[in-house]
1. So, with +1 on the Cβ of K and R and -1 on the Cβ of D and E, and no other charges, what is the size of the charge dipole of the range 1-83 about its Cα centre, to the nearest 20 debye?
2. Using only alpha carbon pairs under 8 Å that are at least six residues apart, calculate the relative contact order of the range 149-218 and give it in whole percent.
3. Can you give the Rg/Rh ratio of the range 264-404, where Rg is from the C-alpha atoms and Rh is the Kirkwood radius?
4. What pairs in Lys319/Lys355; Lys292/Lys334; Lys275/Lys369; Lys298/Lys347; Lys298/Lys355; Lys246/Lys388 have C-alpha atoms more than 21 Å from each other?
5. Could you work out, for the range 271-347, what percent of all Cα-Cα pairs fall into each 10 Å distance bin, beginning at 0 Å and stopping at the bin that holds the largest distance?
6. Which loop trypsin sites (Lys or Arg not before Pro) in the range 1-95, with loop taken from DSSP, have no more than 15 other Cβ atoms within 10 angstrom of their Cβ?
7. Only loop residues by DSSP count here, and only those with at most 11 other Cβ atoms within 10 Å; note down the GluC sites (Glu not before Pro) in the range 151-204 that meet that.
8. Take the alpha-carbon positions of the chain, form their convex hull, and give its projected area averaged over all directions (one quarter of the hull surface) in nm².
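What follows is calculated from the coordinates using simple rules that are stated; it is not laboratory data. These numbers come from a predicted model, not from an experiment. Cβ atoms come from the backbone with ideal geometry, glycine included; neighbour counts cover every protein chain shown.
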Amino acid sequence: MFTALDLKYAIRELQDVVGALFDKAYQLDRNTFLFQFHKSGQGKLLLMVHVGEALYLTAEKKSAGTTTSFAMFLRKKLEQQRVAAIAQKGFERIVEITFSHGLVLILELFSKGNILLLEQGKILACWEEQTWKDRTIKKGLPYQYPPLKHDPFSLDTNEFQEILQSSEKGSVVQSLAVDFGLSGRYAEEVCLRAGVQKKKKHVDVPKLLKQIHALGTEEIRANIVLFGDSFVVNPIDLNIYAESPKEYFSSFHQALAFSFTQRAETEEHVASTEKTNDRIAQQRKQLEELEKKSVAYKELGDLIYAQYEPLESLLQMIKAKNWNVQHPLIKELKKTERKVVVTLDGKDVALDITKNIVQNATFYYDIAKKAKRKIPGAQAALQTTLQKSQRKERKENSPQIARKKVSGYRIEISQKD
């Protein structure tokens, strides 16, 4: 989860974009935008925005995405405009990018998220129109911020204590996480650093506030803490993860870019695996049906031959009596289809009265043979799919691939002995 404190550190690294010229806007998919800037001496700067989630500078442009009216509007309005300031709104997951001619690009990274372009506080355009109980996002309306949380970095001791004591939360860690927007991860960290019992309601407030202020001003030491197949991205070292294996990155934006790349690769892998598993299941089902069909239809042919004479007599009787016949073998007469259904050894068998018994038996044998001929091909196709799946899995789990994935990002590995 990308928190308000994460954004505070991301904004610090985003100051490199101040002074750059806005170049292009791309919409890569439903919720992802890429903004391209150019800065003298640095060249292209690419800002990736996952609406409602996070943002970071990236070195990879990947694809140009789709041409949308919203992206084109942003490009038209902002092209060659210089970035004057980039700031976080209070302690919210809201970014304000102010341009030299006065337009402001708002990036909302909470809930469903949004991107808006403002002129003198009025919405010129928005990625998505939204209506909440306390505000409406729509072109032409004044922009309203959501109800703002308390900013713990701007509060003095008395203000902080008053809010903490009046909180409806049952413990200090819950109040820090919710009332002050620190999230569970950083609320736990503050309590640990301050040496207070997180489940208590009344604690040493000055000590707690001191650790909160310190938490927002540390030197960036971006890392990803590993938990088996999952991980969490941090801009700084956290004591709550002191004993956990982690990978360090040269910048917080690099760590974020890496994490989202990994997520995309994981989602692609899951989708590919599901597709392969569906194909394997379909091929197994097809093979099973062919094997059953081969056996079942041969058995029907055998049953017909086993009752050759009674059945031949029955067919002649039906023809002679123009279907007005009763017989212990008959289950159903289908005059319009010119067929009679008989029960042989507990199994229903349809016989065509326009054919003799040999021809009827041959009909079922031919179906059995056709199904049997297809079995080797179905087995080979299934085996090929299984082998491809196994090779892909071995390749993705190999140490070489794992090292390649972090190449260019990881600068150090820390792991408990």
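1. Taking the Cα centre of the range 1-83 as origin, the dipole is about 280 debye.
2. 35
3. When Rh is taken as the Kirkwood radius, the ratio is 1.31.
4. Lys292/Lys334; Lys275/Lys369; Lys246/Lys388
5. 15, 33, 20, 15, 12, 5, 0
6. Arg30, Lys61, Lys62
7. Loop-located and lightly packed - Glu168.
8. Quarter of the Cα hull surface area: 34.3 nm².
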